[in-house]
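The structure under discussion appears below in the form of structure tokens.
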Amino acid sequence: MPIRRPRVAEEDPLDAAQADRVRAVLALGGVPQDDLQDELQQVRLRLLERRARGEDSPRNVGAWAAVVASNLAVDWHRTRHRQERVSARLGLLSAPNDRAQDGAENSVRALAVAEGLDALPAAHRQVLVLRYYADLSVPQIAEQLGIPLGTVKSRLYAAAKLLRERLHVEEAM
């Protein structure tokens, strides 16, 4: 009879704050609520696969995970029709709400920003989400995406300009 060895539980490669950050990046990247947990598991899987291959852990696991999440969101967009994404967001925003008028205005604003993000090219949306929602610095984004610092800056500028135009927002001086 073979000897059974106790199974050692593998610790979660992402701490709670990193997992929350990944969920936020995925959600802001347009991944629906129903798919967030699956995509979070994909980020964990990629980190575990990296360890299994004997590669060193990323210097900044949180930044690495945010970039992987951003890439997963881009992939998700490539495989889904745009109308499905907008419908899912509308369903979330149209849930019964007891909040005051400000809540409704915030919901409309959030939907407009979400639609504006959807309209951006994938590369622009990616750097905008990583900078302003995942809170990565420009050098961190450049390092994690493997692109020059100037490219990150120009994509951020172009993305912000396109988003302002889409939302008809006046630029603050």
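The values are calculated or read from the model by the stated rules, or taken from the named source; none is laboratory data. Treat the numbers as computed from the prediction; the structure is a model and nothing was measured. Here the Cβ positions follow ideal geometry from the backbone for every residue, glycine too, while neighbour counts run over all protein chains shown. All accessible areas refer to the heavy atoms of the entire protein, side chains included, with ligands and DNA or RNA removed. Shrake-Rupley method; radii C 1.70, N 1.55, O 1.52, S 1.80 Å.
Per residue, the stretch 31-73 exposes an accessible area of 52 Å² to a 1.4 Å probe, with every protein chain left in place. Straightening the chain between Asp135 and Arg166 buys 8.9 nm, computed as 0.36 nm per residue apart minus the Cα-Cα spacing. Extension gain, Arg109-Tyr157: 0.36 nm per intervening residue step, less the Cα-Cα distance, totals 15.2 nm. Only one residue of Gln126, Gln144, Leu156 has its Cα farthest out toward the positive end of the dipole of the stretch 117-164, where Lys and Arg carry +1 and Asp and Glu -1 on Cβ, and that residue is Leu156.
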